[in-house]
1. Out of everything in the stretch 182-196 that is among the hydrophobic types (A, V, I, L, M, F, W, C) and open to solvent by less than 50 Å² (accessible area, probe 1.4 Å), what residue ends up being farthest from M251 (Cα to Cα)?
2. Across the stretch 142-177, what is the total count of residues that are touching a Ser or Thr at 6+ places or on another chain (Cβ under 6 Å) and not in a helix (DSSP H, G or I)?
3. If you scan the stretch 197-218, which residues turn out to be hydrophobic (A, V, I, L, M, F, W, C) and open to solvent by 40 Å² or more (accessible area, probe 1.4 Å)?
4. Identify all residues within the stretch 146-181 that are among the small types (G, A, S) and surrounded by 15 or more Cβ atoms within 10 Å (Cβ to Cβ); write none if there are none.
5. Could you figure out which of (1) surrounded by fewer than 16 Cβ atoms within 10 Å (Cβ to Cβ); (2) under 23 Å from G239 (Cα atoms); (3) not basic (K, R) isn't true of G125?
6. So which residues in the stretch 1-45 are part of a loop (DSSP other than H, G, I, E, B) and either under 29 Å from Y160 (Cα atoms) or open to solvent by 100 Å² or more (accessible area, probe 1.4 Å) (or both), if there are any at all?
7. Working carefully through the options I168, I196, find the one that is in contact (Cβ under 8 Å) with a residue 40 or more places away in the chain and over 30 Å from D58 (Cα atoms).
8. Can you tell me how many residues within the stretch 233-275 are open to solvent by 10 Å² or more (accessible area, probe 1.4 Å), within 21 Å of I138 (Cα to Cα), in contact (Cβ under 8 Å) with a residue 24 or more places away in the chain and in a helix (DSSP H, G or I)?
Amino acid sequence: MQPLFQNIIEVIFPILLVASVGYLFAIFKQQLDIKIISKLMSHVGYPALILAHMLGQDVDINKLLEMIFAALLMFILFAILVYFFLLITKQSIPTYFSCLSMNNVGNIGLAVCALAFGHEGILYGVTFVIIGMIFMFIVTPAVTSGTWHMKEVLLSPAIYSVILALCIIYFQIQLPKPITASLQILGGMPIPLMLITLGYSLAQIKLNNIKIGIIFSIIHLLIGAIVAFLLTHLLNLTGNLRGILILQCMMPTAINTYLWISIFRPQDSAQISGIIFISTLLSIVILPLVLTYWV
């Protein structure tokens, strides 16, 4: 029980504390512009985080590419398994596909990986965020509404920051210290902001259809466990890489999927909000167990 308690105190509790700041902001009706914060994170925070942890560190390019491939496979497997589950159970694919196939690899996933594995947790954990962005703007809106947003992917600075960092490492370019120091400062911005916006967003969600929320949250976890088991054996990952992959597979459903549902299928938003809320609450129990007994 001691390792379990330690994981709760050292990993989960700090995340809850920071997320509670955003939750309290919403409870006391304080304004927090989620759109501006999201844009700040995607255009400044994520690129700075990526560059800060890839430059000036001993980065194994092969491991980085391996984790990018693992992240891609994770989202593909999630999409396939969720699609066939909804098809077999005759549930609405446009309604449930996005929330069941997309994990919260950013707000919660990156924070947990950072606290559990330090520098490597951020460096390799952020690969799931990058691949997740691609799926979030192409696959999920295409299934939900029949449209997709390739422009958002092509304009994403996070993707170009990885390419830039790989070029700098390959050509052994030394950046001036003021630039690297600035990247370190800006790179510390995304994780706390993500957690604060998570707490704020959860407080805004109205909890409806608890029964559906519980059932689909459990289904989401089971699919995550299957994907984690398959990929860890298929890719033969070990050590921190294995742990990061398992954690990202076991994350709750992404809160951003509520955006697509509220835009394209507002009649189903109440059902989806219940799944997101309960899935996130369930992760408070599941993640310490995963950290202790699987990772």
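The values are calculated or read from the model by the stated rules, or taken from the named source; none is laboratory data. Only a predicted model underlies this, so the values are computations on that prediction, with no experimental measurement involved. In this analysis, Cβ positions are derived from the backbone assuming ideal geometry, glycine residues included, and neighbour counts consider all displayed protein chains. The area values use the complete protein model at the heavy-atom level, side chains included, leaving out ligands, DNA and RNA. Shrake-Rupley method; radii C 1.70, N 1.55, O 1.52, S 1.80 Å.
1. The extreme case among them is L183.
2. Number of matching residues: 0.
3. Those that are hydrophobic (A, V, I, L, M, F, W, C) and open to solvent by 40 Å² or more (accessible area, probe 1.4 Å): L207, I210, I212, I214, I215, I218.
4. From the stretch 146-181, those among the small types (G, A, S) are 146, 156, 158, 161, 165, 181; that's our starting set.
Of everything in the stretch 146-181, those that are among the small types (G, A, S) and surrounded by 15 or more Cβ atoms within 10 Å (Cβ to Cβ) turn out to be S156, A158, S161, A165.
5. (1)
6. M1, F28, K29, Q31, L32, D33
7. Values: I168 fails: over 30 Å from D58 (Cα atoms).
Answer to the check: I196.
8. Going through the stretch 233-275 one residue at a time, the tally reaches 5.
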